[in-house]
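Remarks on the structure that follows.
The values are calculated or read from the model by the stated rules, or taken from the named source; none is laboratory data. It should be emphasised that the depicted structure is a prediction, and the values quoted were computed from it without experimental measurement. A quick note on method: Cβ atoms are made from the backbone with ideal geometry, for glycine too, and the neighbour counts reach across all protein chains shown. Keep in mind that these areas ignore ligands, DNA and RNA; they rest on the heavy atoms of the full protein, side chains included. Shrake-Rupley method; radii C 1.70, N 1.55, O 1.52, S 1.80 Å.
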Amino acid sequence: MIYSLKGELTEILADAIVIECGGVGYFCRTTNTTISDLAQTGKEVKVYTYMNVYQDGIDLFGFSDKQELGCFKMLITVSGVGPKAALSILSSLTPAEFATKVASGDIKGLTAAKGVGKKMAERIVLELKDKVSGAEITKGREISGNISGVAAGNNQQLSDAIEALAVLGFSDADIAPYIDKIDASKDTSSIVSQILKMIGNNR
């Protein structure tokens, strides 16, 4: 299993990239988000990978961060959602936006992705939100009243953000140190982005 690739980005295609490592060029299918993150050829990059082995061959998928890879792996566990649909969704939505839409049950937001109809979006929300509902992070949590900038009416947004981060695989312990540092007066997607940024800066 190939966990990650680090090497020179030699080609950027419409839905794929080529990374040369030790004289070998690896063709990785990817999202618009990762292509945008990597920006240009000729520089050293690192991507996290997923290898899909099927009857007629092998496909390698590459992502610029672990959150996007995690979203991709969750999406392809949903009945009827293959790699192509997963890439389409993650080309339209960042990991934070995707997690927020799943946590809030935003069917319409998911159908904005090319090739994703209402029924598929409903399955994604049903199957992935069920996973979140049992997560410890969403059980019995009281949203602190002394968090800077948080009014009582905004507590639901913070709660949705916590659920969205659980979709991305972050535990209660991962998130707790940053709750008091965010501007929770923002919308759910912004709260998720703030916490992801702080987690990334401390790794």
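Observations, loosely collected:
- A simple spin-label model places pseudo-atoms 7 Å from Cα toward Cβ; at residue 126 and residue 21 they are separated by 3.8 nm.
- With R₀ set to 30 Å, the beta-carbon distance separating residue 114 from residue 10 gives a calculated FRET efficiency near 0.65.
- Among the listed pairs 108/129; 108/197; 43/114; 73/186; 129/181, those with a Cα-Cα distance over 23 Å are 108/197; 43/114; 73/186; 129/181.
- Counting only the Cα atoms, the chain fills a convex hull of 133 Å³ per residue.
- Estimated FRET transfer efficiency (residue 198, residue 44; beta-carbon r; R0 22 Å; 0.05): 0.30
- Solvent exposure of the stretch 1-87 as accessible area per residue, Å², 1.4 Å probe: 52 Å²
- Computed FRET value (nearest 0.05) for residue 176 with residue 56, which takes r as the C-beta separation and R₀ as 45 Å: 0.45
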